[in-house]
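Where a number appears in this text, it was derived from the coordinates with a stated rule and is not lab data. None of the values given here were measured: they were computed from a predicted structure. Reconstructed Cβ throughout: ideal geometry from the backbone, glycine too, with neighbour counts over all protein chains shown.
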Amino acid sequence: MSAQETVFAVAAAGIQVAVVVMGAPYLTGLMRQVRARMEGRAGAGVGQPVRDLRKLFHKEATRPEGTSVVFVAAPLVMLASAVFLAAVIPFVTTVAAVGGVSDLFAVVAVLLLGTVALALAGLDTGTAFGGIGASREVTIVALVEPTILLAIFALSVRVGSSDLADIVAGTLASPAHVLSPASLLAAVAFAVVIIAEAGRLPVDNPSTHLELTMVHEAMVLEYSGRDLAMVELAASMRLALLLGLGVNLFAPWGVATTLAPLALLLGIVMLIVKVALVGVALAVLEVFMAKLRLFRVPELLAGSLLFALLAVAASYFLA
Amino acid sequence: MSAAVSTQLLDVISGAILLTAVLTLWRRDLAAIIRLLAIQGVLIAGLALLLGINEHNTELYLAALGVLILKAIVLPTILRRVLADSGEVRETAPLVNVTSSLLAAAGLTLLAYVLSGPLVALAPSAATRALPVGIAVVLLGFFMLVTRRRALSQVIGFLLLDNGITTTAFLATSGVPLVVELGVSLDVLLVVLVLQIVAARMRMAFGSTDLDGLSGLRD
């Protein structure tokens, strides 16, 4: 790779980060707005999460007495891991500035880092709610992470590489593979995982503070001001990251395989359109869903783990 | 039809057959399970039709028609009637809970893959490479037979087993001769009819079709 290409690749990674950071709050707003309209409410508008974030960033963060550095560091770790993922996952282009960073296992590990940081922060506050939220989150994550790994691994088998950029480029090169059983099963498993990991219905309800059901909200109860803004921004970025990763793995059309400006522009537009479409579909589905009892959640996740495992098996015997 | 397209269709159909088999283990709602069984019947008929088109074999067209009528229409209708009579809409207490069943299903699928390895090696082709699907459906049917309590669930497990055997036959040898196929189909139909009568008698005697009620002696 020549020096000029490296500069372009770094610029492309910067564009990806900018798109995800700017777009994620609007995605959350869009999903809330769709949900509100479907329920017959006027809704707060697509820009409301952005306004909330701007307000929170200007406020001082208060920290509970007795909390340690874990509590302070968690929002930073969450946000940093989300920004890192936004740079390395092939959203807009499959050409990476530094090779091998977008490896499947590295990406999932960094994704887990944010989850673990928040769960530790929930424990660090020493409150009952923080502990409940952390324990629930870890219960869910224990089944979610292997499912993500298996689902993407099923796609990586036919490409022969665990690099996400190679997987996306491979699917672009042979579009017929999108309809293979392995990829369909992996898509179902991945959809369930996105819902669980991003804390959406029916696993977690992002709009309530009911102690019987809350998972994410229970862990962030003690955060305020700047810290809360960082946690919320990181949470909406994670949803955008997971949706973006999902659409690019299973429907990668529009992703640039070169660094030509026009291809990059098309990549950005296609990414926004695809993620918005999937987000709206998710919001519409949520309206018709009730939250699962917490004890039924492992059943759903075991089901998605099975789907992912079947996808891996199918990628071997139904090549 | 080009070879690549037909191979892909074959893979998608086989994958869908396996998926319906797994979903029958997941769902508790008996009406939904019967619906899945009907879908599986359509898929197996589609498999036979696809193999018939590939090999220009009229007998396979007839077999596809027979499978469609029996597995997608007649048997689900009978099961629906049993369900309506019994008033038990859910499989309430399977011996193994659903989460463990799903994990067991994952294990059984891998077992089927290991078991069919030597068979596939005998004559590798697109159809025989999908052979693990048929064997996995057989194993899942067995699993359902031994872990479910309601008579209707057990009939469904038996039908799943039969679907697995049919799928295996189609994938491995492009179907058994039509006469044998007809005989087996009639057998299955009779078994289901007999089980329907047995289930009705059980309900009259015990008030439910929980098979655990059969373990004690009565006057």
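Below is a table of values for the structure above.
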| item | result |
| --- | --- |
| Extension gain, B:L111 back to B:R28 (0.36 nm per residue minus Cα-Cα distance, nm) | 27.4 nm |
| Options B:A93, A:A182, B:N57, ranked by Cα towards positive dipole end of the protein assembly as shown, top entry (Cβ charges) | B:A93 |
| Chain lengthening between A:S224 and A:L262 when straightened (0.36 nm per residue, less Cα-Cα) | 9.5 nm |
| Tilt relative to chain B, helix B:30-55 - C-alpha long axis, 0 to 90 degrees, to 10 | 20 degrees |
| Kirkwood hydrodynamic radius of the protein assembly as shown, from inverse mean 1/r over distinct Cα pairs, in Å | 25.5 Å |
| Square roots of five times the Cα gyration tensor eigenvalues for chain A, Å | 31, 23, 19 |
| For chain A, built as a Gaussian network whose Cα springs stay under 10 Å, the top-fluctuating residue of A:P90, A:P261, A:P49 | A:P261 |
| For A:185-191, mean number of other protein chain Cβ atoms within 10 Å | 1 |
| Within a Gaussian network of chain A (alpha carbon springs, distance under 10 Å), most fluctuating of A:H209, A:H177, A:H58 | A:H58 |
| Cα-centred dipole magnitude for segment A:1-135, charges only on beta-carbon of K, R (+1) and D, E (-1), debye, nearest 20 | 620 debye |
| Eligible aspartates and glutamates near A:K59 by straight Cα distance, threshold 17 Å, same-chain separation 8 or greater | A:E222, A:D227, A:E232 |
| Modelled FRET efficiency - R0 35 Å, A:E39 with A:V83, Cβ distances, 0.05 increments | 0.60 |
| Peptide-level mean, for B:12-23, of C-beta atoms on other protein chains within 10 Å | 4 |
| Relative contact order [Cα under 8 Å, 6+ residues apart], chain B, whole percent | 22 percent |
| Given charges at Cβ of Lys, Arg, Asp, Glu: the protein assembly as shown dipole, positive-most of B:L103, B:I34, A:S156 | B:I34 |
| Span-like helix ranges in chain A, DSSP H, alpha carbon extent 20 angstrom or more, Kyte mean at least 1.6 | A:69-88, A:104-124, A:181-197, A:261-287, A:297-317 |
| All-pairs Cα distance distribution in segment A:163-282, expressed in whole percent, bin size 10 Å | 12, 35, 30, 17, 6, 0 |
| Reachable aspartates and glutamates from A:K291, criterion Cα separation under 12 angstrom, eight or more residues apart if same chain | A:D204 |
| Proportion of all alpha-carbon pairs of segment A:61-215 beyond 20 Å (%) | 57 percent |
| Cβ charges +1 (Lys, Arg) and -1 (Asp, Glu), total dipole of chain B, debye | 500 debye |
| Gaussian network model of chain A, springs between alpha carbon atoms under 10 Å - residue of A:V108, A:V275, A:V255 with greatest fluctuation | A:V108 |
| Crossing angle, helix B:58-67 versus chain B [Cα axis fit, 0-90 degrees, rounded to tens] | 20 degrees |
| Segment B:V191-B:I53, length gained on full extension (0.36 nm per residue, minus Cα span) | 46.5 nm |
| 15 Å beta-carbon shell around B:A21, net charge (K/R +1, D/E -1) | +3 |
| Whole-angstrom Cα spans of segment A:51-113 along principal axes, big to small | 45, 29, 15 |
| Label point distance in nm, B:S215-A:A173, each placed 7 Å from Cα along Cα→Cβ | 5.9 nm |
| Between helix B:75-86 and chain B: long-axis angle, C-alpha atoms, 0 to 90°, nearest 10 | 10 degrees |
| Charge dipole (debye, nearest 20) of the protein assembly as shown; +1 at Cβ of Lys and Arg, -1 at Cβ of Asp and Glu | 1000 debye |
| Dimensionless Rg over Rh [segment B:3-214; C-alpha; Kirkwood] | 0.98 |
